[in-house]
Amino acid sequence: METSSAARRIKTILRLAGKQFFSSFKDLLPIILVIAFFQGVVLRQPLPDILGVLEGSVLVVAGLALFIQGLEMGLFPIGEEMAHALARKGSLFWLLTFSFALGFSTTVAEPALIAVADEAADVASQGGLLSPGEGAMSSYAMGLRLSVAVSVGVSILLGVLRILKGWPVHYMIIGGYVLVMVMTIFAPDEIVGIAYDAGGVTTSTVTVPLVAALGVGLASIIKGRDPLIDGFGLIAFASLLPMIAVIGYGLVIFGVQ
């Protein structure tokens, strides 16, 4: 009996894995076709290491399939369940604390942000904007990461408040982007591009699933809120506030232009 149950479980896992692998392959197929077209038709050059490229492509598809399956099985359910539990608990303090901590912790761990911060520190050092040495570069990169992480924490907190209070999301987003444009006028040129990129890299593989699940879960349990209308929009805040924070960080480090 146990053997039969284990066999069924293995078959189910293999079926889901195969389905997810095929789905991930379809998602990546346009990228593969574009690269193949330009490599073969425009550049007319063979791939330098076709075996390595094929192996890497298989690993990318497999990794994406496993990642998406993990989101569906783990991160989405736990995000929604924690939102439900905190809402039922009825403590605004703990709900807002969790929202800030979730935004901060997921952003600090965001691989894309780590890569961009390290690259920005390297370029700033080469351009003479930082003192030479690994210490100055590491401090600058960590400052970028922390400023972005704090801003994302605040943005998720504001997004949760918006869901609770029913504030219109478009007014808050428009006001935020107006502030970004005004700050850009006074910001050093060296930080503007980094700030705009920071708004994109924060909404990546780690942050988005948990934040989206939090918003949907919260809106689905609060009376008078629609998960479709009110549950989304948190990601927009997570993209907006980092731009403001990084420009502010640049004004502190480099001064007003």
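Between residue 35 and residue 179, full extension at 0.36 nm per residue minus the direct alpha carbon distance yields a gain of 48.0 nm.
Sum up the lysine pairs in the chain that clear both bars: alpha-carbon distance under 30 Å and a spacing of 8 or more or different chains. Could you put the intermediate results ahead of the total?
Details: 11/19; 11/26; 89/165; 89/223; 165/223.
Taking the chain as the scope, the lysine pair count is 5.
Please get the size of the charge dipole for the chain, origin at its Cα centre, with Cβ charges of +1 on Lys and Arg and -1 on Asp and Glu, quoted in debye to the nearest 20.
Values: 14 positive and 17 negative charges, 234 e Å.
I would put it at about 1120 debye.
Considering the dipole of the range 149-257 built from charges on the beta carbon (Lys and Arg +1, Asp and Glu -1) around the Cα centre, which of 186, 231, 241 is farthest to its positive end? So the residue furthest toward the plus end is 231.
Around the Cα centre of the range 139-257, unit charges on the Cβ atoms of Lys, Arg, Asp and Glu (plus for the first two, minus for the last two) sum to a dipole of about 420 debye.
Between residue 73 and residue 42, what FRET efficiency comes out of the Förster formula 1/(1 + (r/R0)^6) with R0 = 35 Å and r the beta carbon distance, rounded to 0.05?
Values: r = 41 Å, r/R0 = 1.17.
Efficiency for this residue pair is about 0.30.
Multiplying the sequence separation of residue 57 and residue 252 by 0.36 nm and subtracting their Cα-Cα distance, what value in nm do you get?
Numbers: separation 195, 0.36 × 195 = 70.20 nm, distance 4.29 nm.
Gain on stretching residue 57 to residue 252: 65.9 nm.
Per atom type, the chain shows carbon and sulfur on 71% of its accessible surface, probed at 1.4 Å. Each label was represented as a point 7 Å from its Cα along the Cα-to-Cβ direction; for residue 81 and residue 170 these points are 3.8 nm apart. For the chain, the 222 nm mean residue ellipticity estimated from helices alone, with every DSSP H stretch of n ≥ 4 adding -39500 (n - 2.57) and the total spread over all residues, rounds to -27500 deg cm²/dmol.
Computed over the chain with a Gaussian network model linking Cα atoms closer than 10 Å, the most mobile of 28, 241, 14 is 14.
The values are calculated or read from the model by the stated rules, or taken from the named source; none is laboratory data. Note that this is a predicted model, so its numbers are computed, not measured. Heads up, the Cβs are rebuilt from the backbone with ideal geometry, glycines too, and the neighbour counts pull from every protein chain shown. Ligands, DNA and RNA are stripped out before the accessible areas are found, and what is left, the full protein with its side chains, is counted by its heavy atoms. Shrake-Rupley method; radii C 1.70, N 1.55, O 1.52, S 1.80 Å.
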